[in-house]
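Some notes on the structure that comes next.
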Amino acid sequence: SSSSSSETAPSPDCSAGNLALAPGGRLQRKYHVQSTRGEEVTLYDSVAHCLRKQFVYFQGAWFEQDVYGQVRRLHKYIGRGWTAIGPLPDRFVQEHMTAEERVAQQRVQTRWVRSWVGGRR
């Protein structure tokens, strides 16, 4: 068994990428994943995020180990009009997002934090 020079997370990149069809066509999560706050992101959460073109990014801890791959993943969503509703790596925000994208992300993230604090998602 050979080891690779860069370790990647054994999980999806975000809540929207955590959906799969099980045998028989039933929708399920690929992995049981927690947000950066330690809250489990449920199947309901992932579907709700997709319906609103929003996502919670799970790969922040691996960003520096695979900057190119992580930037590509984030641009895949943001470039298609999706909005992150959780924190994004500071380096990505500062180096790879336009001012308009940063303002839009901040506005949505502020509402998301308020809804979690208030017990609503």
Return the sequence-ordered ³J(HN,Hα) values of the range 46-53 in whole Hz as given by the Karplus equation 6.51 cos²θ - 1.76 cosθ + 1.60 applied to θ = phi - 60°, using x for Gly and Pro.
-> 4, 5, 4, 4, 4, 4, 9, 6
Does anything in the range 47-84 have its amide N under 13 Å from the 7 Å Cα→Cβ label point of ARG107, and if so which residues?
-> 83
The range 15-104: GluC sites (Glu not before Pro) falling in loop per DSSP and having at most 11 other Cβ within 10 Å = none
The set of residues whose placed amide H lies less than 5 Å from the amide H of ALA84, leaving out same-chain residues fewer than 5 positions away, is PHE55
The extension gain from TYR68 to ASP90, computed as 0.36 nm times the residue separation minus the Cα-Cα distance, is 6.4 nm
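Bear in mind these aren't lab numbers, they're just calculated from the coordinates by the rules spelled out. Remember, it's a predicted structure, so these values are computed and weren't measured experimentally. Note that each Cβ is placed from the backbone with ideal geometry, even for glycine, and that neighbours are counted across all protein chains shown.
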